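Undergrad: Quick one: the structure is below, and I'll ask about it shortly.
We did not get these values from a lab; they are worked out from the coordinates using the rules stated. Because the structure is a prediction, the values reported are computed rather than measured. All Cβ positions, glycine included, derive from the backbone under ideal geometry; neighbour counts span all protein chains shown.
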Amino acid sequence: MGIPGQSEINIGVIGHVDHGKTSLTKMLTGKWTDTHSEELKRGISIRLGYADIVFKKCSKCNFEGYTNNDKCPKCKGKTEPYKRVSFVDSPGHESLMATMLSGVAIINGAILVIAANEPCPQPRTVEHLLAAKYSNIGKLVVVQNKIDLVTEDQAKQNYTEIKKFLVEIGYENVPIIPVSANHNINKDVLIYAITNYFDSPQQDLNKNLKMYVVRSFDVNKPGQEIDKLVGGVIGGSIVSGKLKLGDNIEIAPGIQNKNILAKVLSLNTEFGKLDEAGPGGLIAISTSLDPSIAQNDKLKGQVVGHCGELPNPRTDLNIELHIIDRLLVDDLKKSLTVKEPVIVTAGTGMVVGVVTSVKGDIIRFMLKSPVVVEEDQKVSLSRRSINGWRLYGYGFIRK
């Protein structure tokens, strides 16, 4: 099961608004991911759209014995831990999709939630599945949710629409599981699919450490005595390498274009404290940072590495552009132009930039603030539309 106390796979929960993503996550984990406020007993909050769970199975029963409980739902016998999973569920679909498209390895597979009581596909269903496709997420499970709200004939018609839509996007032979998240219908079948269909990624812990920060905060209460103050906390996902207690880390691009140095004082997941951490799930790091530096998500979007191992932050980027035509609304079908503003998402960081030159599919950008990227790294691009910022495509960092 990977590093003890850590999730071994991250699964994104995607789909159109109000199709039941958060309800489904609650059915599987018992947690509402739209609150993001549960804290560990020691005062370290680690949840930002993540819900961790240990799925279990009964050795006597088939998929009816797959559960998130200590007892088998079929024979009531004792279950054994089988796989630790983190679900990533973000209410801000644009930020989640941009992060997926930027190629961050925080999502290893996806559950696409489609409501049975609406025609398929809905607009966000298209966007989310295309983002999964262009993020190279090969493994996908479709949940046909809200089957309790339709007749059997309506469910079959919706199923046919889902199959046709999946084939159009390039996903064939994908499991489609009818579910009612509010009534736990087919919960055991879905857990069986999640634990057996998705492969846990093989991680190379010998690579250089790279962690993307998704939040940071000060856990000290107002009026705390000086001798009891603790350092700032950063939370995020490790995408390569390994982190240990006592390690000295560097946070880039830092503040005012200066990298930040800190020491790791503790490592936490929703499952408890760790001595070391690798890729998988959300990690909370208690550090030696001045808590004012970390408060109110000031370090969100930064990159953590061991001292001296991170690339130098950059404000000028050459990007080989790949447009996702099916995402384009009418006012975005024109080509990018010089001086046009864009949003570049690299890792979990979103930075505003301006187009400085267009030479074929190579676009040069000047960013308002620096980012930490490497050659050939995948990033996503958003353009301003009459309805706000919209995903436009993705690209690769070039020299």
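Undergrad: For the range 210-306, what percent of Cα pairs sit more than 21 Å apart?
TA: Every Cα pair in the range 210-306 considered, those over 21 Å come to 25 percent.
Undergrad: Using 0.36 nm times the number of residues separating Thr356 and Lys221, minus their current alpha carbon distance, what extension gain do you get? Could you put the intermediate results ahead of the total?
TA: Working: separation 135, 0.36 × 135 = 48.60 nm, distance 4.60 nm.
Separation in residues times 0.36 nm, less the Cα-Cα distance, equals 44.0 nm.
Undergrad: Take Leu261, project a point 7 Å from its Cα along the Cβ direction, then tell me which residues of the range 304-332 have their backbone nitrogen under 16 Å from it.
TA: Counting only backbone N, you get 305-310.
Undergrad: Aspartates and glutamates within cross-link reach of Lys146: Cα-Cα under 17 Å, excluding same-chain residues under 8 positions apart?
TA: Reachable aspartates and glutamates: Asp18, Glu118, Glu161, Asp188.
Undergrad: I'd like the per residue volume of the convex hull spanned by the Cα atoms of the range 231-364, given in cubic angstrom.
TA: Value for the range 231-364: 149 Å³ per residue.
Undergrad: OK, next. Over 25 Å between Cα atoms, which of Lys26/Lys60; Lys139/Lys378; Lys31/Lys60; Lys60/Lys139; Lys210/Lys263; Lys26/Lys244 qualify? Can you show the working numbers first?
TA: Numbers: Lys26/Lys60 27 Å; Lys139/Lys378 20 Å; Lys31/Lys60 28 Å; Lys60/Lys139 28 Å; Lys210/Lys263 15 Å; Lys26/Lys244 32 Å.
Result: Lys26/Lys60; Lys31/Lys60; Lys60/Lys139; Lys26/Lys244 exceed 25 Å.
Undergrad: Taking the chain as the region of interest, what is the percent of Cα-Cα pairs per 20 angstrom bin, listed from the shortest bin to the one with the maximum distance?
TA: Each 20 Å bin holds this share of Cα pairs: 27, 55, 18, 0.
Undergrad: So, one more: Run the helix sum for the chain: -39,500 (n - 2.57) per DSSP H stretch of 4+ residues, divided by residue count, reported at 222 nm to the nearest 500 deg cm²/dmol.
TA: -4500 deg cm²/dmol
Undergrad: In the chain, once you exclude exposed GluC sites (Glu not before Pro) (DSSP loop, at most 15 other Cβ within 10 angstrom), what's the longest stretch remaining?
TA: Value returned for the longest uninterrupted segment is 39-171.
Undergrad: For all pairs of alpha-carbon atoms in the range 314-398, what percent lies in each bin of width 5 Å, listed from the first bin to the last filled one?
TA: 3, 16, 29, 29, 16, 6, 1
Undergrad: Just to verify a number: FRET efficiency for Tyr197 and Asn296, C-beta to C-beta distance, R0 = 51 Å, to 0.05? Write down the numbers at each step before the final one.
TA: On the way: r = 39 Å, r/R0 = 0.77.
Calculated transfer efficiency: 0.85.
Undergrad: Just to be sure I understand the model, the point goes 7 Å from the Cα along the line to the Cβ. What's the resulting Phe396 to Lys76 distance in nm?
TA: According to this spin-label approximation, the distance is 5.9 nm.
Undergrad: Another one. Among the aspartates and glutamates, which fall within straight-line cross-link reach of Lys334, defined as a Cα-Cα distance under 17 Å, with same-chain neighbours fewer than 8 residues apart omitted?
TA: Straight-distance partners of Lys334: Asp325, Asp361.
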